[in-house]
1. Which residue out of Thr395, Thr374 is modelled with pLDDT of 95 or more, closer than 30 Å to Gln234 by Cα and buried (at least 20 other Cβ atoms within 10 Å of the Cβ)?
2. I'm told Phe276 meets every condition in (1) buried (at least 24 other Cβ atoms within 10 Å of the Cβ); (2) within 17 Å of the chain's Cα centre (by Cα); (3) in a helix (DSSP H, G or I) except one. Can you identify the failing condition by its number?
3. If Leu11 passes every condition in (1) buried (at least 17 other Cβ atoms within 10 Å of the Cβ); (2) at pLDDT below 90 but one, which one does it miss?
4. Residue under question is Val284, and the condition is that it be surrounded by fewer than 24 Cβ atoms within 10 Å (Cβ to Cβ), over 14 Å from the mean Cα position of the chain (by Cα) and of a type in the set (Val, Ile, Thr); does it hold?
5. If Glu65 satisfies every condition in (1) of a type outside the set (A, V, I, L, M); (2) assigned to a strand (DSSP E or B); (3) within 24 Å of Val208 (Cβ to Cβ); (4) in contact with a helix residue (DSSP H, G or I) (Cβ under 6 Å, 6 or more places away or on another chain) but one, which is the exception?
6. For the subset of the stretch 63-88 comprising residues that are of a type in the set (A, V, I, L, M) and more than 19 Å from the chain's Cα centre (by Cα), which member is surrounded by the fewest Cβ atoms within 10 Å (Cβ to Cβ)?
7. Can Ala209 be described as among the aliphatic types (A, V, I, L, M), crowded, with 24+ Cβ neighbours inside 10 Å and part of a strand (DSSP E or B)?
8. Does Asp241 satisfy being out of contact with any helix residue (DSSP H, G or I) (no Cβ under 6 Å at 6 or more places or on another chain) and surrounded by fewer than 24 Cβ atoms within 10 Å (Cβ to Cβ)?
Amino acid sequence: MMKKLLATLVLAGTAYASLSQPVEQLINPAEVSRILGTLSADDMQGRYALRGEGIHKAAAFIADEFKKAGLQPLAPNTGYEQPFTMYSATVQNSRTVLDGQPIAPEHLFCQTNQSALKVGPADGYEVVSIGAADNFLQQYRNLRGKTNNLLVLVDTAHRNLFERIKRQSPPRFAQSTNQLYVLTANTKPGQWLVDVDLQLTTTAMKNVAGVLPGKSKAQELVVFSGHYDHIGIQKPNEKGDSIYNGANDDASGITAVILLARYFKALNNNERTLVFVAFTAEEVGGYGSQYFSKQLDPALVMAMFNIEMIGTDSKWGTKSAFITGYDKSDMGKVLEKNLAGTGFQFYPDPYPEQQLFYRSDNATLARLGVPAHTISTSKMDNEPHYHKASDEIGTLDTNNMAEIIKAIALSSRSIVAGTDTPTRVSAASLQR
């Protein structure tokens with residue numbers, strides 16, 4: 001019996017060593033620095049999604065890294081870029097009426113690809129009321145993922161937030177459905193009409209995605225993701241620096257995605273199909289991940305590892321990170337089991353009041369039931385370089401980054417192998 005136990009332990013140790021060896025070879029501080037330094041360099045111009053050459057240069061670099069890693073394009077695309085179009089709709093004329101009372105044009109914004117709309121109760125729109133006591137930002141984030149036509153009536157108590165969202169870009173929308181937002185004290189009208197003329201502009205966007213086909217469970221998908229856009233060139237700081245390089249946010253996550261792709265390709269033993277994706281437009285509304293999510297059957301996505309801001313030590317120090325939405329599925333427990341004995345620790349999100357589970361690119365797939373979580377180390381109560389020009393590679397710990405990426409690789413192994421399947425995210429859990 002003792003000999004059998006010892007033999008089992010030796011086999012387990014050998015298997016662990018075989019996994020660890022390519023981790024050390026492929027995921028190391030030198031490679032972290034190379035990729036991170038390229039993505040966060042000044043010539044990337046802060047990778048703003050809506051204009052500038054930096055975002056296209058970054059996409060080309062990521063695509064080249066996916067090609068070198070030996071990934072295949074994500075069907076039906078023939079290359080690594082996943083293109084889509086964003087629409088910006090600016091109100092020109094409006095004749096919006098609620099229960100006979102006209103609504104001023106400035107109290108309306110539309111997310112649509114239509115140049116004119118004239119709709120009322122007979123047109124099948126879902127009417128959503130956001131009352132004075134509701135969390136407007138959370139509801140807005142939830143509604144962005146909806147696929148039906150919406151009329152959203154926002155109480156005037158949310159005027160400042162309404163105006164802020166309206167000013168952003170203005171809002172862009174990748175799908176063909178319409179979302180109409182009206183600021184009004186009458187959030188439950190009996191009759192309504194939205195008759196509006198819009199000026200449309202279009203922006204060509206692209207995610208970057210590659211696939212490592214699975215073996216025995218090829219129809220089942222595991223997604224590794226991050227966002228490659230940032231906020232571009234802004235007002236110069238006190239040092240005269242106007243380029244917001246976004247080294248931590250989120251060149252660090254994309255560095256992880258690229259190195260994980262190389263690692264799993266080298267192992268070449270994934271039973272499930274692995275999808276590696278760099279999202280665009282996270283900073284302007286999460287539109288890249290919204291588009292991506294609608295190209296997949298969510299029932300076939302077994303797990304999503306979204307990686308965001310892993311360049312600094314967590315609140316627990318090195319060799320640690322946290323998982324958003326830890327209570328929404330048992331994925332965190334699976335990862336912890338796989339990390340036993342490694343010296344690395346995952347923790348539940350310590351900043352629940354900031355609603356991080358709903359604020360990153362995991363959110364769209366999570367709302368569709370996928371165990372989709374974000375892994376991060378960011379100290380959200382004290383991150384001095386967040387959305388500042390000082391978010392540069394020199395402020396990050398690339399040695400610890402390498403350890404975090406290794407931990408993600410090792411923590412995911414039973415999910416990648418198809419021997420563990422995390423529980424789905426339920427609609428009820430999303431209300432908590």
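1. Numbers: Thr395 fails: buried (at least 20 other Cβ atoms within 10 Å of the Cβ).
Result of the check over Thr395, Thr374: Thr374.
2. Failing condition for Phe276: (3).
3. Checking Leu11 against (1) buried (at least 17 other Cβ atoms within 10 Å of the Cβ); (2) at pLDDT below 90, the one that fails is (1).
4. no
5. That leaves (2) as the condition not met.
6. Ala75
7. On the way: among the aliphatic types (A, V, I, L, M): yes; crowded, with 24+ Cβ neighbours inside 10 Å: yes; part of a strand (DSSP E or B): yes.
Yes: the conditions hold for Ala209.
8. Values: out of contact with any helix residue (DSSP H, G or I) (no Cβ under 6 Å at 6 or more places or on another chain): yes; surrounded by fewer than 24 Cβ atoms within 10 Å (Cβ to Cβ): yes.
The answer is yes for Asp241.
The values are calculated or read from the model by the stated rules, or taken from the named source; none is laboratory data. On a predicted model such as this, the values are computed, not experimentally measured, just so you know. So basically every Cβ, Gly included, is an ideal-geometry build from the backbone, and we count neighbours across all protein chains shown.
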